[in-house]
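Only the coordinates and a few stated rules stand behind these numbers; no lab work does. Model, not experiment: these values are computed from the prediction. Note: ideal-geometry Cβ built from the backbone for every residue, glycine included; neighbour counts use all protein chains shown.
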Amino acid sequence: MKVVLGLNAVFHDSSAALLVDGRLRVIAEEERPSRVRHAKRAGVDNTPILPYLAIDEALREAGLDFSRVDEVAYSFDPAARFAALGRVPGDPDIPAGDYGTPEGERRFRDFILLTGSLLEARYGRKVPVRFIPHHDCHMAAAYHSCPWDEAALLCVDGIGEDDTCTWGRWRGGALEKLGRLEYPHSLGFLWERVTQWAGLTPNLDEGTTMAMAAYGDPARFRAALRRVMEPLPDGTFRVDPALARFRAPDVKGFEELLGPRRRAQEPLLWQGTDRRHADAAAALQELTEELLCGLARRVRREAGLPNLALAGGVTLNCLGNNAVARSGAFDGVWAFPAAKDCGTAFGAACLADGKARREEWLHAYRGPAPAAGATAKALAEARLEAPAQGDGALIARSAELLEQGKVVAWFEGAPETGPRALCHRSLLADPRDAAMRDRLNREVKHRQLFRPYGPVAREEDADEFFDIPPGLRRACRFMLAAVPVKARAKSRIAAVVHGDGTTRPQLVTKSSHPRLHALLGEFGKRTGTPVLVNTSFNDREPIVDSPAHALATFQRTAIDALVLEDRLLVKG
Ligand SMILES: [Fe+2]
């Protein structure tokens, strides 16, 4: 038996993946058990914070201990990063000792190289650590989960070692890189900086920026943003480092172009006479779609293959994925559910193994399932009683509660890998009245009122409600594409129609999620609308992980009912 442990710990979204004899067994994300969003903050001194909880959970799920691990694959190459120092241009005003400075980069490299020793100190065993280029890991993860034996690959994120965007193909059993962009030409960092300018938290609130885009006019800041990041005729783009200043602590360049940054106490301007923040978000979204389509066309020409697998944090931009599919550059577009750095642990393990098998993901429930007896134990500790029930009774009662306007939390089996809750750790609600969106934002999730929600529907009902471009259907199994809601369906599912008329559906099949498929059928029988609101089971925290987290979040929030595996709890 050959066991490869993939690790992502270089920036954030730390994770561990286990490959046993070339097959993926589990991907565990550190933020779930640690309850720290994204696991940690990116920083030159933070790489020794390894995802020990995720490693332990992954080993438990696979029934292994660390003594069985043959090799560790780390999704970053510190030597390649250090070699780029000096070649990659510096930014003005980088804080002393930070990324991009010789002393900062030296510490960053040296701390990463401690990984083997840190693991030895914790587990009492020395295991070889292989460092693998970050974007190779993103692309390998996308390939090994995709539906095709050969695929074009495109990775777009903030930064790997020094690359910000890499493309290539998987052909003849190997990864072949065809092109790349280097720092500072980073679309991921542009999103972080506009998010920061809008007074939100970079690397956390980009979804809020994207949601605001629906309410803005891209014309106002179109020219300004193109001064920071200029699309080029060859399908790539170029950044003006003096304006972007990606490594400076402030956003002076963006203030020059977009006006003063928003301070924490000021309102977000997305409606009324001044929609400044929404207008900037709209221009950014428009530019992003143009750039992603330009890259896709270039990758199609160079890779010469009809299907594309996407990876990297920027490919969580659901409208961007829709634009790529509609550009017609590719017949099929696969969006990898763990597109952010958490997925690179899987890619690193695949590349280190050398004989990893590609298996299309028909679902994303790749996390470690709760230990046997965890539900009963959590209920006992919370002094709650809820008898186990058969699926029929549980589903019928849940549909009844949903029809009554209750918010029902759904907790089941192994957690989703990646940022989307796909009905193993979800909140469900009736989508027919837009007031449900407001209630969820106001009372349950405590988010801005313009934040949208996505639906879950059965795959066979999708065409009744959504306009999904050919080639993008698979992305809709994982809430990775924003697609137009059909005109005649808008009033039927008003709570999940965003300001631009789109939504981000999850499509389930009888085999991918039998209980949800049945629940949708039951809700449809009652209401004529076999669709539910689906959002993550959390309240300003990582998605719940264990039955104990589920009970705690259920008890301290305005969630009305909880399906906890085969139990049902209903408040008051
Ligand atoms: Fe990345």
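Estimated translational diffusion coefficient (Stokes-Einstein, Kirkwood radius over Cα pairs, 20 °C, 1.002 mPa s) of region 77-154: 140 µm² per second. Cβ crowding within 10 Å, taken as a proxy for footprinting-reagent exposure, orders TRP361, TRP270 from fewest neighbours to most as TRP361, TRP270.
For region 493-526, backbone nitrogen atoms closer than 14 Å to the point 7 Å from LEU362 Cα along Cα-to-C-beta are found at 508-515.
Suppose every Lys and Arg Cβ carries +1 and every Asp and Glu Cβ carries -1, with no other charges. What dipole size does region 374-570 come out with about its Cα centre, to the nearest 20 debye?
Details: 29 positive and 25 negative charges, 88 e Å.
Roughly 420 debye for region 374-570.
Above 18 angstrom, tally the Cα pairs of region 126-170 and express them as a % of all pairs, no decimals.
Numbers: 333 of 990 pairs.
The answer is 34 percent, as a whole percent.
The modelled label-to-label distance between ARG301 and ARG326, using points 7 Å beyond Cα along the C-beta direction, is 2.3 nm.
Here each label is just a point 7 Å from Cα along the line to Cβ, and for ARG261 and ALA393 those points are 5.7 nm apart.
The largest-to-smallest principal axis extents of the Cα set in region 123-254 are 50, 43, 28 Å. Look at the dipole of the chain built from charges on Cβ: of LEU562, VAL36, ALA396, the Cα furthest out on the positive end belongs to ALA396.
Taking the empirical scaling 2.2 N^0.38 Å for compact globular proteins as reference, region 257-352 has a Cα radius of gyration ratio of 1.39.
Could you quote the convex hull projected area for the chain, Cα atoms only and averaged over all directions, in nm²? Walk me through the numbers on the way to the answer.
On the way: hull surface 98.8 nm².
In nm², the orientation-averaged hull projection of the chain is 24.7.
Based on the Kirkwood radius over alpha-carbon pairs, what is the Stokes-Einstein translational diffusion coefficient of region 60-110 at 37 °C with 0.692 mPa s viscosity, in µm²/s? Answer, rounded: 241 µm²/s.
In terms of surrounding Cβ atoms within a 10 Å radius of their Cβ, MET212, MET436 rank from fewest to most as MET436, MET212. Note on ALA369/ALA223: beta-carbon distance plugged into 1/(1 + (r/R0)^6) with R0 of 56 Å gives a FRET efficiency of 0.65.
Can you give the convex hull volume of the alpha carbon atoms of region 374-570 per residue, in Å³?
107
Greater than 19 Å separation of Cα atoms is the criterion. Which listed pairs, LYS406/LYS571; LYS40/LYS340; LYS406/LYS525; LYS510/LYS571, meet it?
Numbers: LYS406/LYS571 10 Å; LYS40/LYS340 14 Å; LYS406/LYS525 17 Å; LYS510/LYS571 30 Å.
Violating the 19 Å Cα-Cα cut-off are LYS510/LYS571.
Let me know the whole percent of all Cα-Cα pairs from region 181-335 that are separated by more than 25 Å. So the portion of pairs separated by more than 25 Å is 28 percent. All C-alpha pair distances within region 372-458, sorted into 10 Å bins from zero, spread as 13, 40, 36, 11, 0 percent across the bins.
Counting other beta carbons within 10 Å of each Cβ, put LEU379, LEU258 in order, fewest first. Kindly include the intermediate steps, with their values, before the conclusion.
Values: LEU379 18, LEU258 23.
Ascending Cβ contact count within 10 Å gives the list LEU379, LEU258.
I'd like the FRET efficiency for ASP149 and LYS525, computed as 1/(1 + (r/R0)^6) with the beta carbon distance as r and R0 of 45 Å, rounded to 0.05. Once the sixth-power term is evaluated, E becomes 0.65. Cross-link reach is defined here as a Cα-Cα straight distance under 12 Å, omitting same-chain residues fewer than 8 places apart; for LYS252 the aspartates and glutamates meeting it are ASP93. In terms of Cα atoms, the Rg and Dmax of region 307-418 work out to 19.8, 57 Å.
Most simply put, region 374-570 has about 75% antiparallel DSSP beta bridges, counting only bridges with both residues inside it.
Contour minus end-to-end for LYS377 and LYS177, with contour as 0.36 nm per residue of separation and end-to-end as the Cα-Cα distance?
67.0 nm
When only alpha carbons are used to place a centre, region 270-332 and region 70-135 end up 31 Å from one another.
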